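What follows draws every value from the coordinates through simple rules; no lab data is involved. Being a predicted model, the structure only gives us computed values, none of them experimental. Using ideal geometry, Cβ is built from the backbone for each residue, glycine included, and neighbour counts are taken over all protein chains shown.
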Amino acid sequence: MKARGLAVLKAKELLQPYEFERRELRPNDVAIDVAYTGICHSDIHQAREEWGPSIFPMVPGHEIAGTVSAIGSQVSKFAVGDRIGVGVYIDSCRTCENCLGGLSQYCLNGMTATYNGMERDGTTIANGGYSNIFVVDSDYAVHIPKNLPLQAVAPLLCAGITLYSPLRKWGTKTGMKVGIMGLGGLGHMGVKFAKAMGAEVTVFSHSPSKEKDALAMGAHHFVCTTDITVLHSMRKKFDLIINAVSAELDINEYLKLLKIDSTLVIVGIPGKPYAVEAGVMLDGRRNLAGSMIGAVSELQEMMDFCGEHGIVSDVEVINADYANEAYERTIKSDVKYRFVIDATSF
Ligand code: NAP
Ligand code: ZN
Ligand code: ZN
């Protein structure tokens, strides 16, 4: 099938219009008319090889929302016309301990990333969601609730699940004091989810202009971190902190905010190591953890939760020809709060 989209042909080059082929439907595949596709900071990190070598040509995009246009002969999960979403991975081995245990994002044989990786045949480059059509195995796609607008749903497929999963895993509930570091695409979803789960939510942000928005999203407190000493008075007060910052920072100042036995979860991936002070970890038996997206089943659970609570992303809808500028603005933390490309513009 002929597809139109955007690709980066070589590391650090700009996105440009790109035509390519998608596979014909296999028995368990669905074809998708993409409606909107989100711009995740991970797209930028990988297009610019900030995490190490990438695979080119790269069609980025792993926040894909659209409708089913055709189904393979064995598909029972979806029908033509259904609203459908695809996130950060499109396959896994399905046989390892983690796949069988419902945690296929941590597949021991490596999950198949939606882009910047090879399909499971080992030879076909996986082309991501900056494109007008998509083809995916239906086991790795989710249903989108009818009451949610597709453009504001697209970012849930990565930004949403990446915050929902650790908030659930670390037992977010009424009365817990939860901190969210970085009010970007990921962070703003964390605020909405933590609030819906009953927590008292504090945003740590280096952008003072975001205070009003943070409070409107449901945060109880906004802390501007341009002067890091403001954190001193908050030490040992938090049950859970999630670090959704894309850049390097002094993680010790945030670890010090944790109560005894509490956890700071890293989801941001700056590409350089954090310098963790042993003494800070010891004092209060603190935990430092990481979390990567969420399994397909949890993605569906999150979608249903969003449908019930009316939770979506705050988005700026753009056309494909604005994507390079959107990258620059995302790097400057100048987006409210996720760029989403209208797929009719590819
Ligand atoms: P984003 O929209 O660009 O948000 C990142 C936020 O980090 C910014 O809005 C800003 O928040 C803060 N920030 C940026 N530069 C900073 C600096 N120099 N100093 C302090 N704070 C800074 O990015 P995103 O799409 O949410 O992604 C965030 C990170 O998570 C990226 O590294 C991405 O690759 C990673 N990620 C991880 C997973 C996973 O599975 N773990 C999934 C998706 C993405 P303020 O303006 O509020 O300070
Ligand atoms: Zn992402
Ligand atoms: Zn596996």
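Residues whose amide H comes within less than 5 Å of that of ILE144, counting only those at least five positions distant or on another chain, are ARG83, ILE84, GLY85 (H built at 1.01 Å from N in the peptide plane). May I ask you to evaluate 6.51 cos²θ - 1.76 cosθ + 1.60, the Karplus curve with θ = phi - 60°, for each residue of the range 258-272 and list the ³J(HN,Hα) values in order in whole Hz, giving x for glycine and proline? These are the phi-based 3J(HN,Hα) values: 6, 5, 4, 6, 8, 10, 10, 9, 8, 10, x, 10, x, x, 10 Hz. Applying the Karplus relation 6.51 cos²θ - 1.76 cosθ + 1.60 with θ = phi - 60° to the range 35-40 yields 3J(HN,Hα) values of 9, 9, 9, x, 9, 9 Hz, where x marks Gly and Pro. Taking amide H as placed 1.01 Å from N in the peptide plane, the amide H of PHE339 sits under 5 Å from that of ILE39, GLU316, each at least 5 places away or on another chain. The aspartates and glutamates whose alpha-carbon is closer than 14 Å to the alpha-carbon of LYS146, local same-chain residues fewer than 8 away aside, are ASP82, ASP304, GLU308. Here the chain carries DSSP beta bridges of which approximately 55% are antiparallel, counting only pairs with both residues inside. Mean-square fluctuations from a GNM of the chain, with a 10 angstrom spring cutoff on Cα atoms, peak among GLN74, GLN16, GLN151 at GLN74.
Send over the per residue convex hull volume for the range 160-290, Cα only, as a whole number of Å³.
Values: hull volume 12.3 nm³, N = 131.
Cα-based convex hull of the range 160-290, divided per residue, equals 94 Å³.
The fewest-to-most ranking of GLU298, GLU119 by surrounding Cβ atoms within 10 Å reads GLU119, GLU298.
Within a 10 angstrom radius of the beta carbon, how do ASP227, ASP33 rank from fewest other beta carbons to most?
Numbers: ASP227 7, ASP33 16.
Neighbour counts put them in this order, fewest first: ASP227, ASP33.
For the chain, taking Cα atoms only, Rg and Dmax work out to 19.6, 61 Å respectively. Ranked by how many other Cβ atoms sit within 10 Å of their own Cβ, fewest first, the residues VAL75, VAL317 fall in the order VAL317, VAL75.
With charges only on Cβ, +1 for K and R and -1 for D and E, what is the dipole size of the range 5-77 about its Cα centre, in debye, rounded to 20?
Roughly 120 debye for the range 5-77.
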